[in-house]
Amino acid sequence: VLLVKVDNSTPLHGDDPTTWAADLGLDPGGRIVIYGLGLWPVVRYDLLDPAKLRAAATRIAAAAGPAVKAETFEGRAYWAVPLDDVTVIAAVVDRHAMLALVPTANVTTALPHLLGTQLPATSLRTAQVLPALVARHGFGPALVGYVDAQRLVDVLEQGGPLHDPL
């Protein structure tokens, strides 16, 4: 975990730190969703301006050199950073920034789900699991999450292409 303390009174390179997120196209008040593609983590973050983030990511990838590979899959652009057995995948997908960690051998299998060209059979957007938890326990809207322990055990027992590296 990397913790960074930002002193809002001191601009960096003349930029106002309170606008850094918006300057990159991120939505400072946006939602962050963390979920698993199987057991592999995926993070999505709301964007104000996808073009700004895409341009910044393109510049960063170019500066990083061959370690970051700019790729496309079914017409959608993404960046890949292979790290031996796992690969970091980053993309601007519609109005979201997406960052994921997947087994290198299964990047092609994971990409349709990560890039939104194949939707899941069931979606948290339409499922009533989270709204039911919020209502039952009186949670506020700031942070809600859960781990389905039975499904976690099922995934570990069943294995499969995205789980074999575990």
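The values are calculated or read from the model by the stated rules, or taken from the named source; none is laboratory data. These numbers come from a predicted model, not from an experiment. Neighbour counts run over all protein chains shown; Cβ positions are idealised from the backbone, glycine included. These area figures cover heavy atoms from the full protein model, side chains too; ligands, DNA and RNA do not enter into them. Shrake-Rupley method; radii C 1.70, N 1.55, O 1.52, S 1.80 Å.
A few points about this structure:
- Of all residues in region 78-117, those that are open to solvent by 50 Å² or more (accessible area, probe 1.4 Å) and small (Gly, Ala, Ser) total 1.
- Every condition in (1) modelled with pLDDT under 90; (2) touching a helix residue (DSSP H, G or I) at 6+ places or on another chain (Cβ under 7 Å); (3) of a type outside the set (Val, Ile, Thr) holds for residue 79 except the one numbered (1).
- Region 118-151, residues that are among the basic types (Lys, Arg), modelled with pLDDT under 80 and loosely packed, with under 10 Cβ neighbours inside 10 Å: 125
- Of the listed requirements (1) without any contact (Cβ under 8 Å) to a residue 40 or more places away in the chain; (2) under 25 Å from residue 130 (Cα atoms); (3) among the hydroxyl-bearing types (Ser, Thr, Tyr), residue 19 misses just one: (2).
- Among the residues making up region 17-33, those that are part of a loop (DSSP other than H, G, I, E, B) and either modelled with pLDDT under 85 or not hydrophobic (A, V, I, L, M, F, W, C) (or both) are 25, 27, 28, 29, 30, 31.
The rows are residues; the columns are (1) touching a strand residue (DSSP E or B) at 6+ places or on another chain (Cβ under 6 Å); (2) β-branched (Val, Ile, Thr).
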{"residue": "84", "(1), (2)": "no, no"}
{"residue": "89", "(1), (2)": "yes, yes"}
{"residue": "115", "(1), (2)": "yes, no"}
{"residue": "126", "(1), (2)": "no, yes"}
{"residue": "131", "(1), (2)": "no, no"}
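- Out of 14, 36, one residue alone is more than 15 Å from residue 94 (Cβ to Cβ), more than 17 Å from the chain's Cα centre (by Cα), open to solvent by 40 Å² or more (accessible area, probe 1.4 Å) and modelled with pLDDT under 90. It is 14.
- Filter result (more than 13 Å from residue 73 (Cα to Cα) and touching a Ser or Thr at 6+ places or on another chain (Cβ under 7 Å)) within region 90-116: 102, 104
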